[in-house]
Structures are given as structure tokens and as C-alpha cells.
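Here is the structure we will look at.
The values are calculated or read from the model by the stated rules, or taken from the named source; none is laboratory data. Since this is a predicted model, take the numbers as computed values, not measurements. Cβ placement follows ideal geometry from the backbone for every residue including glycine, while neighbour counts extend to all protein chains displayed. In case anyone asks, the SASA skips ligands and DNA or RNA and just uses the protein heavy atoms, side chains included. Shrake-Rupley method; radii C 1.70, N 1.55, O 1.52, S 1.80 Å.
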Amino acid sequence: MDQFGISDLADWLEAHSTALLEKKEAMPVDRVFAAVDQLSVLQQPAAHYLSVRQGQYFQNESDHKLNLLADDQPLSALEDRIMVNHVDGSITEDTLNFTYNHEPVFDGTYSPKKDLNIVKFGLEVVGAAASTGDDDTLADVLSHDALVTFIVAAQAFADWQKA
């Protein structure tokens, strides 16, 4: 995936949102994982994180934006999500700032639409920054927990589609 691939994926998700929600098209989990891996922020490949225990991730890599409440449960069971909702700053001055907020996807029942929105909107914001080509600055400031959210949300959505 090249530097524009993340935005292209976000655009694809936007264009296919209805079909994804109607289960007519499958969530491209592998493409989401490839986008996360392309950013070179996380210590392991994206797919690895689904089986990592929440407590282990909290101690070894989390930037403590996610509420990791079940130490012995895998990240795939995580119900908290971090939405990447804005980026500002200056690439030329190596000052990027991302804004995040918690987004509930479990309010009694699972909301697949919210997970889809978290992935597509977050990838759009991150993709805009990634398209500048300043990978080092991006990797330094991008939240690990936000990228884990993309992984968990994409997989949860894909699992919901199969149910």
C-alpha cells in the first residue's frame, strides 16, 4: 500500500458503506490491517493484536487512551473504541496533532454502523496526514490505541457480517 492507499481505502469504505451494512460486500479486513501496518507505528503486525491480552497490551504498548478493563481478555473482545476525528499542525515543522475521542459501539447491543464509521472516518483523517509522506512525524504522534481500534473495529464488523 502506498502513501495514498490509506485514503483510497477510506474512500472505498465510504462509497461501499451501504453494501457493507447490508452484508452485500465484505469488510476488507486485510486491507485495513495493511493500512495499519503501512503506518509502522505498532510493534507487531496488525493481525497479531486480536489475540493479545488487554493487560499485556496495556503494559507493553498502549498509550492509555483505551479503557482496557479485562486484563485476561484478548483485544478482540474490547468494547471501547477511540475515534480519530481531526488532525492539524505543520508537516514542515514536524508538528502534527491528532484529536481523539471515545466512541461507544456497545450501548446494550453492538452497533456495526458505528464501527464502520470509526474505521472509514479514522482512516480518512490518518490518510490525509499519511499522504504528506512524512512517515516519521506521523509515527511519532499517532496513537497506538487508535490503530488498535481500527484493527478491532474492522474485525468486529467482519464478524458481525458473518453472523
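There is no residue in region 49-61 that is touching a residue at least 60 places away in the same chain (Cβ under 8 Å) and open to solvent by 50 Å² or more (accessible area, probe 1.4 Å). For V125, indicate whether it is touching a Pro at 6+ places or on another chain (Cβ under 9 Å) and either modelled with pLDDT under 95 or under 20 Å from D8 (Cα atoms) (or both). No, not satisfied.
Of all residues in region 9-46, those satisfying the criterion of being farther than 20 Å from P112 by Cβ, surrounded by 14 or more Cβ atoms within 10 Å (Cβ to Cβ) and without any contact (Cβ under 8 Å) to a residue 40 or more places away in the chain are A34, D37.
What pairs come out if I take residues in region 77-96 that are of a type in the set (A, V, I, L, M) and pair them with residues that are exposed (fewer than 13 other Cβ atoms within 10 Å of the Cβ) whose C-beta lies under 6 Å away, six or more apart or interchain? Between residues of region 77-96 that are of a type in the set (A, V, I, L, M) and residues that are exposed (fewer than 13 other Cβ atoms within 10 Å of the Cβ), the close pairs are M83/N101. The set of residues in region 94-103 that are open to solvent by 70 Å² or more (accessible area, probe 1.4 Å) and under 14 Å from the mean Cα position of the chain (by Cα) contains only H102. Of all positions in region 104-122, at least one carries a residue that is of a type in the set (F, W, Y), modelled with pLDDT of 95 or more, open to solvent by 10 Å² or more (accessible area, probe 1.4 Å) and part of a strand (DSSP E or B).
Hey, does region 47-59 have a residue that's part of a strand (DSSP E or B) and of a type in the set (S, T, Y)? No, region 47-59 has no match at all.
Checking each residue in region 131-163 for being in a helix (DSSP H, G or I), closer than 15 Å to H86 by Cβ and open to solvent by less than 30 Å² (accessible area, probe 1.4 Å) picks out L138, A146. When region 69-93 is filtered for residues that are open to solvent by 50 Å² or more (accessible area, probe 1.4 Å), of a type in the set (D, E, K, R) and more than 13 Å from L142 (Cα to Cα), the ones remaining, listed by number, are D71, D72, E79, E93.
Looking at region 49-90 only, could you name the residues that are among the aliphatic types (A, V, I, L, M) and touching a strand residue (DSSP E or B) at 6+ places or on another chain (Cβ under 8 Å)?
Within region 49-90, the subset among the aliphatic types (A, V, I, L, M) is 50, 52, 66, 68-70, 75, 77-78, 82-84, 87.
L50, V52, L66, L75, I82, M83, V84, V87 - these are the residues of region 49-90 that are among the aliphatic types (A, V, I, L, M) and touching a strand residue (DSSP E or B) at 6+ places or on another chain (Cβ under 8 Å).
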